[in-house]
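Written below as structure tokens is the structure these notes are about.
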Amino acid sequence: MISLSDVTKNYGRQALLVDASFQLDPGEKVGLVGPNGSGKSTLFRLLVGEEHPDGGEISVPKRLSIGYFRQDAADVSGRSVLDEAILGSGRLGTLHFELARLEAAMADPTQVDQLDEVLAHFGEVQAEYAQFGGYEIEARAHEVLAGLGFLPEQVSGDVGALSGGWRMRVAMAKVLIGKPDVLLLDEPTNHLDLDSIVWLEGFLRATDAAVLMTCHDRDFMNRVVTRILEIDCGELISYTGDYDFYERQQAVRAERDEAAFARQQKMLEKEERFIARFERHAAKAAQVQSRIKKLDKIEKLEPPKRRILVPFEFREPPRSGNDVATLRNVSKRYGDRTIYDGFDFELKRGERWCVMGVNGAGKTTLLKLVAGVIQPDGGEVKLGASLKMGYFAQSALEVLDPSLTVWQQIDQAFPAAAIPSKRALLGAFDFPGDEIDKPIRVLSGGERSRLVLAQMLFDPPNFLVLDEPTNHLDLVTKEMLVRTLVNFGGTMLFVSHDRGFLRGLSTRVLDLSADQGGRPVPRVFHGSYSAWVEATGREAPGVHA
């Protein structure tokens, strides 16, 4: 279907791809992995023709349709979400609106002179539209938008009124509705909550399209892909299997490379000792020259590079009172929409609550109420004694000063702390060596999230309130964060769509699902997320396993 043969791609002096080859077959589901800056997005742009290789050949059949979801969303307005999704879905979307225009023209008395021409064009468009299943497109659009979390009133509303995250969902819908032969998906789960992620898993498993995607969600990768393609120092390396299999094979390969490097180093040291010992001995001159020539011909192995983040060992937070937060008869409304009505909830010291619920159920609202960011319309939110709260929200990134470097941000926040401990903190959150000198203004969303979390945990609070703390974090950093927080001795209340985070940390579940009448009915489960999944048979509210 799509193939790369000996492709080379350079940016300045950096070689992103070096004689790289791979083939994507029909219907295949492939995960693309590699560190930041390794060339994953560049590979996508090469496949859609936005960039061209410096060498080698890329073969894409002419009639092949490609849907490309990327991490940017156009700032559009003036159309409904439904119309925008259909219009942007490719050839079928274009035909959909061309038919509507022609139907209006046929009914327009001012265009009666062009009626024969309009009718002829209408017949051509209608035939192509029907051939490719166009009369199903509106139903398919509703299905996809609902799966991605859109409520009926949002579907008919102006796309321009949506936030950036919701516009990204519209961009995703455009790609899925068009039913392309190939789906290129760059971080498709970034702006989705758990119920939408579970829906998307099922959609991608069922689609006939070939899929090539990057993703920082281990569960998502394991359930969708059957092959992993790794970009490693310009080379494309294929592993047949899911992400867990790839990780095991990568560990085996790393051990093999380390052993080969160690063997070569030992051999080189032995030869160099011989040369140094006998280079002035006339009787050994021939042997010395022979060994020098031998060393010159040997291809020197590079030291294996392994990215390992060690959990940060923060000091024990101060002990809080037993009653951490109490909500009594709380009500909260946004306009005519009731989020909470007579809501009671208690958090005790040492509990780790994950908050589940469909879009708009009130997950973020609850965290804001507890953090004091917003006030209830009725009832009481009471915090316990001796609390030191750490609240992470997406707006928490605004606490960073873009004029500072990574090091200056931490150094100014904790001027009295020892330099080695601050360096250890930044290293644990993937700012090693010269990375600490990066200006904050150039950091990616994931890097900023890591820096905010690092600053929060260096002088740890005893009550962590976390709203999607793993957004933009890659798999290695997510797993390091879980291993770090497993040892946290305080209380936690968090929202996350990352199942590894949920499984690793939760000891209680608050399910904010509504009943069949649409009324919010919070349910408490005194057990972990894993136990909740086993008890309910579902991973997300409204989505059954």
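The values are calculated or read from the model by the stated rules, or taken from the named source; none is laboratory data. Keep in mind that what you see is a predicted model, and the values were worked out from it rather than measured. Backbone-built Cβ (ideal geometry, glycine too); neighbour counts: all protein chains shown.
Looking only at segment 345-373, which residues are of a type in the set (A, V, I, L, M), in a strand (DSSP E or B) and under 21 Å from Arg333 (Cα atoms)? Listed by number, the residues that qualify are Val355, Met356. Give me a count of the residues in segment 3-34 that are under 19 Å from Cys215 (Cβ atoms) and part of a strand (DSSP E or B). Residues meeting the conditions: 7.
Among the listed residues Ser320, Ser331, Ser290, which satisfies the condition of being over 30 Å from Arg523 (Cα atoms) and hydroxyl-bearing (Ser, Thr, Tyr)? Steps first, answer last, please.
Working: Ser320 fails: over 30 Å from Arg523 (Cα atoms); Ser331 fails: over 30 Å from Arg523 (Cα atoms).
Just a single option satisfies the conditions, and that option is Ser290.
Listed residues Lys368, Lys438, Lys382; which is more than 18 Å from Phe314 (Cβ to Cβ) and at pLDDT 95 or above? Answer to the check: Lys382. Of the helices (runs of 4 or more DSSP H) contained entirely in segment 93-164, those carrying at least 3 residues that are within 30 Å of Ala540 (Cα to Cα) fall at 137-147, 152-155. Scanning segment 375-406 for residues being in a loop (DSSP other than H, G, I, E, B), within 23 Å of Cys354 (Cα to Cα) and touching a residue at least 24 places away in the same chain (Cβ under 8 Å) gives a total of 7.
Among residues of segment 498-514 that are of a type in the set (Phe, Trp, Tyr), those with a Cβ under 8 angstrom from a residue that is assigned to a loop (DSSP other than H, G, I, E, B), sequence gap 6+ or separate chain, pair up as Phe501/Pro469; Phe501/Thr470. Scanning segment 181-207 for residues that are free of Cβ contacts under 8 Å to residues at least 24 places away in the same chain and more than 12 Å from Glu539 (Cβ to Cβ) yields a single hit, Ala206. Note on segment 95-131: residues that are aromatic (Phe, Trp, Tyr) and loosely packed, with under 14 Cβ neighbours inside 10 Å total 1. On the basis of being of a type outside the set (S, T, N, Q), surrounded by 15 or more Cβ atoms within 10 Å (Cβ to Cβ), touching a Leu at 6+ places or on another chain (Cβ under 9 Å) and not assigned by TED's automatic domain parsing to the domain that holds Leu425, does Phe314 make the cut? So Phe314 passes the test.
Given the structure, is Phe44 in a strand (DSSP E or B), of a type in the set (Phe, Trp, Tyr) and closer than 27 Å to Phe203 by Cβ? Step through it out loud before you land on a result.
On the way: in a strand (DSSP E or B): no; of a type in the set (Phe, Trp, Tyr): yes; closer than 27 Å to Phe203 by Cβ: yes.
No; evaluated as a whole, the condition is false for this residue.
Of the residues making up segment 19-34, at least one is at pLDDT below 90 and buried (at least 18 other Cβ atoms within 10 Å of the Cβ). Which ones in segment 460-503 are closer than 24 Å to Val324 by Cα, surrounded by fewer than 19 Cβ atoms within 10 Å (Cβ to Cβ) and either among the aromatic types (Phe, Trp, Tyr) or touching a helix residue (DSSP H, G or I) at 6+ places or on another chain (Cβ under 9 Å) (or both)? Scanning segment 460-503 gives Val482, Arg483, Val486, Arg503. I'd like to check something: does segment 57-67 contain any residue that is closer than 22 Å to Phe150 by Cβ and surrounded by 12 or more Cβ atoms within 10 Å (Cβ to Cβ)? Within segment 57-67, one or more residues are closer than 22 Å to Phe150 by Cβ and surrounded by 12 or more Cβ atoms within 10 Å (Cβ to Cβ).
Can you list residue pairs whose Cβ atoms sit under 6 Å apart, with the first residue in segment 259-282 being within 23 Å of Pro303 (Cα to Cα) and the second being assigned to a helix (DSSP H, G or I)? Count only pairs 6 or more apart in sequence or on different chains. Partner pairs satisfying both residue conditions: Glu271/Arg291; Glu271/Leu295.
One residue is enough: does segment 310-317 have a residue meeting the conditions closer than 27 Å to Glu479 by Cα, among the β-branched types (Val, Ile, Thr) and part of a loop (DSSP other than H, G, I, E, B)? Yes, segment 310-317 has at least one match.
Can you find a residue that is touching a residue at least 40 places away in the same chain (Cβ under 8 Å), touching a helix residue (DSSP H, G or I) at 6+ places or on another chain (Cβ under 9 Å) and basic (Lys, Arg) anywhere in segment 415-436? Step through it out loud before you land on a result.
First, pick out the residues of segment 415-436 that are touching a residue at least 40 places away in the same chain (Cβ under 8 Å): 417, 424-425, 427-430.
Narrowing further to those that are touching a helix residue (DSSP H, G or I) at 6+ places or on another chain (Cβ under 9 Å): 417, 425, 427-430.
Next cut, basic (Lys, Arg) only: none.
Taking every residue of segment 415-436 in turn, none turns out to be touching a residue at least 40 places away in the same chain (Cβ under 8 Å), touching a helix residue (DSSP H, G or I) at 6+ places or on another chain (Cβ under 9 Å) and basic (Lys, Arg).
Sort out which residues of segment 46-55 are over 20 Å from Arg227 (Cβ atoms) and buried (at least 17 other Cβ atoms within 10 Å of the Cβ), and write them in order of number. The one that is over 20 Å from Arg227 (Cβ atoms) and buried (at least 17 other Cβ atoms within 10 Å of the Cβ): Pro53. The residues of segment 61-100 that are under 29 Å from the mean Cα position of the chain (by Cα) and of a type in the set (S, T, N, Q), listed by number, are Ser65, Gln71, Ser77, Ser80, Ser89. Scanning segment 301-315 finds no residues that are under 28 Å from Phe525 (Cβ atoms) and modelled with pLDDT of 90 or more. Considering each residue of segment 204-211 in turn, at least one proves to be modelled with pLDDT of 90 or more, within 22 Å of Ser38 (Cα to Cα) and touching a strand residue (DSSP E or B) at 6+ places or on another chain (Cβ under 6 Å). Pairs are defined by a Cβ separation below 8 Å, a sequence spacing of at least 6 or placement on different chains, a first member in segment 120-149 that is under 18 Å from Gly202 (Cα atoms), and a second member that is among the hydrophobic types (A, V, I, L, M, F, W, C) and outside any helix (DSSP H, G or I); the pairs so defined are Leu148/Leu192; Gly149/Leu192; Gly149/Val358.
Just to verify a result, which residue in segment 101-129, among those that are of a type in the set (D, E, K, R) and within 48 Å of the chain's Cα centre (by Cα), is farthest from Asp83 (Cα to Cα)? Lay out the reasoning, then the answer.
Residues of segment 101-129 that are of a type in the set (D, E, K, R), as a first pass: 101, 103, 108, 113, 116-117, 124, 128.
Imposing the further condition that a residue be within 48 Å of the chain's Cα centre (by Cα) reduces the set to 101, 103, 124, 128.
Numbers: Arg101: 13, Glu103: 17, Glu124: 22, Glu128: 20 Å.
For segment 101-129, the residue satisfying everything is Glu124.
Do we find that Gly342 is surrounded by fewer than 17 Cβ atoms within 10 Å (Cβ to Cβ), at positive phi and modelled with pLDDT under 90 in this structure? Step through it out loud before you land on a result.
Details: surrounded by fewer than 17 Cβ atoms within 10 Å (Cβ to Cβ): yes; at positive phi: yes; modelled with pLDDT under 90: no.
Criteria not met by Gly342.
With respect to the numbered conditions (1) β-branched (Val, Ile, Thr); (2) surrounded by fewer than 21 Cβ atoms within 10 Å (Cβ to Cβ); (3) more than 29 Å from Gly446 (Cα to Cα), which one is the sole condition not fulfilled by Ile86? All conditions are met except number (2).
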